[in-house]
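Okay, so here's the structure we're looking at.
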Amino acid sequence: MRVDARAGIAVARRMLLRPARPAPAGPRVRVAVWLTVTGSLVYVGQKLYMAARGEVGMPGHPAPAEVQAQFAHPGLAQAGNASLGLLAVVVAWATIARWGARLPRWALLCALAPAAVLQSLGAVITIQRTDFDLAHLGWGPVYEAVAGSVGIAAWVVVAVSYFLRSRPPARVAAEARP
């Protein structure tokens, strides 16, 4: 049995580079995407603020002095974290944008899954760090808990909805199988 290399390459190209063309996102999904984009941009702003100060951590929660001493250039480390926040913005936005529909499904899912997990873990850490001292409860802890919870829910909606909206029709899936 002879394998035709060109036919194999054509099949691989057709399968791997096929644009996702997801179904249009509903209003709830769009709200979830814009919540994730807004939350990520707030994160970027916080990291840029800390980079300008030359400190590691988050505003109001700087890292301890022994952690600060581990970084020769804390501003660069914070700027790198800010760039990861911008990447999360682009990934979330791609799930509803026209230009994102041209990306292969597997590529966007491979970027969306770690972005959703890492952003959600950051929200969990923020919620865990929140100091709910009922005697002196202020808006800061309440905001952090609510924003973190909403962020986790929004990332779950964005990831699950894109996964479901971008599934290929049964006809296309049947053609892809050998």
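Each value in this text was obtained by applying a stated rule to the coordinates, not by laboratory testing. Just so we're clear, the structure is a prediction, and the values are computed from it rather than from any experiment. Don't worry about glycine lacking a Cβ; one is built from the backbone with ideal geometry, like all the others, and counts go over all protein chains shown.
A simple count of charges around ALA123, restricted to other residues whose Cβ falls under 12 Å of its Cβ and scoring Lys, Arg +1 and Asp, Glu -1, yields 0. As a rough guide to protection, the peptides 15-26, 107-118 ranked by mean Cβ packing within 10 Å, highest first, stand as 107-118, 15-26. State which stretch of the chain is the longest one without any exposed trypsin sites (Lys or Arg not before Pro), exposure meaning a DSSP loop state and at most 11 other Cβ atoms within 10 Å. So the longest stretch without any such site is 3-97. Of the three principal axes defined by the Cα atoms of the range 24-178, the extents in descending order read 59, 39, 25 Å. Dividing the summed -39500 (n - 2.57) terms of all DSSP H runs of n ≥ 4 by the residue count of the chain sets its mean residue ellipticity at 222 nm at -23500 deg cm²/dmol.
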